[in-house]
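The values are calculated or read from the model by the stated rules, or taken from the named source; none is laboratory data. If you're wondering where the values come from, they're calculated on a predicted model, not measured in any experiment. Ideal geometry is used to build each Cβ from the backbone, glycine not excepted, and the neighbour counts take in all protein chains shown.
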Amino acid sequence: MTYTPTKPLTFDEFIAQYGDDFRYELADGELIEMEATGPHETVGGKLTIQIGIAITNAQLPWFIPRTCLIQPLADVATARRPDIVVLDETRLAREPLWQREPVITLGSSIKLIVEVVSTNWETDYARKVEEYALLGIPEYWIVDFRGLGGTAFIGKPKQPTFTVCQLEVDEYRQQQYRLGDAIASPLFPALQLRLDDVLPR
């Protein structure tokens with residue numbers, strides 16, 4: 001749901017008023033209410049565990065923050081709150097806001113973003129694909145566990161779909177996986193994961 005205040009919020013106003021409120025993100029100065037449900041959180045939680053194990057096994061200097069805002073390159077104030085973010089700890093010294101706020105402004109600090117699709121699926125499949133590619137984020141996963149996305153994005157018949165977007169130059173090459181498929185992640189080549197593994201029971 002979108003809330004349109006009398007005037008658009010600036011990024012700083014959003015941080016001051018809603019920075020600690022997990023229910024909201026900002027798009028073009030408009031306050032957007034996140035639509036998390038129990039099943040949505042189940043999928044996100046299971047994926048967080050799988051990614052965390054992969055990071056630990058590969059002994060990478062990466063971590064998954066408990067909360068994090070992303071400030072994409074945009075003319076109008078935007079602050080994204082992805083379901084999962086993997087950060088490169090060795091890059092955080094370059095982040096201008098990190099010491100005061102869990103806000104990332106440089107794409108080079110981010111290794112992976114995961115969005116678990118909810119009813120506002122258009123944003124995950126279209127706008128965020130562009131925003132995250134412009135930031136230079138190497139990998140972006142779209143986890144559509146209920147098959148909500150439009151057929152232009154997930155095909156016919158609509159079904160649960162896991163999309164791995166890999167950055168090539170400045171655009172994402174997308175590979176889709178269905179139930180039963182082994183998911184291939186260039187970022188985590190040893191990861192053994194299927195969409196089935198993270199679905200709610």
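Things worth noting here:
- The residues in the range 162-191 that are out of contact with any helix residue (DSSP H, G or I) (no Cβ under 9 Å at 6 or more places or on another chain) and part of a loop (DSSP other than H, G, I, E, B) can be counted, and the count is 5.
- Test: residue in the range 115-123 that is within 25 Å of E13 (Cβ to Cβ) and at pLDDT 95 or above: yes
- In the range 40-52, the residues that are farther than 24 Å from D88 by Cβ reach residues that are polar (S, T, N, Q) with C-beta atoms within less than 7 angstrom, at least six apart or across chains, in these pairs: H40/S118.
- Residues in the range 187-196 that are under 16 Å from I51 (Cβ atoms), surrounded by 12 or more Cβ atoms within 10 Å (Cβ to Cβ) and either of a type outside the set (K, R) or touching a Ser or Thr at 6+ places or on another chain (Cβ under 9 Å) (or both): L187, F188, L191, L193, L195.
- For the range 147-173, a tally of residues being within 23 Å of G44 (Cα to Cα), touching a Phe, Trp or Tyr at 6+ places or on another chain (Cβ under 9 Å) and loosely packed, with under 15 Cβ neighbours inside 10 Å returns 1.
- Checking the range 171-180 against the condition returns no match, with no residue being under 23 Å from M34 (Cα atoms) and within 15 Å of the chain's Cα centre (by Cα).
- Verdict on I49 being assigned to a helix (DSSP H, G or I), surrounded by fewer than 16 Cβ atoms within 10 Å (Cβ to Cβ), aliphatic (A, V, I, L, M) and modelled with pLDDT of 90 or more: yes
- Taken over the range 142-152, the criterion of being in contact with a strand residue (DSSP E or B) (Cβ under 8 Å, 6 or more places away or on another chain), free of Cβ contacts under 8 Å to residues at least 40 places away in the same chain and not in a loop (DSSP other than H, G, I, E, B) is satisfied by I142, D144.
- Within the range 73-119, the set of residues being part of a helix (DSSP H, G or I) and either surrounded by fewer than 17 Cβ atoms within 10 Å (Cβ to Cβ) or in contact with a Ser or Thr (Cβ under 7 Å, 6 or more places away or on another chain) (or both) comprises E89, T90, R91, L92, A93, R94, S108.
- The lone exception for E41 - which of (1) in contact with a strand residue (DSSP E or B) (Cβ under 6 Å, 6 or more places away or on another chain); (2) in a helix (DSSP H, G or I) it fails: (1)
- With respect to the conditions (1) closer than 21 Å to R127 by Cβ; (2) touching a residue at least 40 places away in the same chain (Cβ under 8 Å); (3) among the aromatic types (F, W, Y), Y18 falls short on a single one, namely (2).
- In the range 128-146, the residues that are more than 26 Å from P200 (Cβ to Cβ) and either out of contact with any helix residue (DSSP H, G or I) (no Cβ under 9 Å at 6 or more places or on another chain) or surrounded by fewer than 22 Cβ atoms within 10 Å (Cβ to Cβ) (or both): E130, E131, A133, L134, G136, P138
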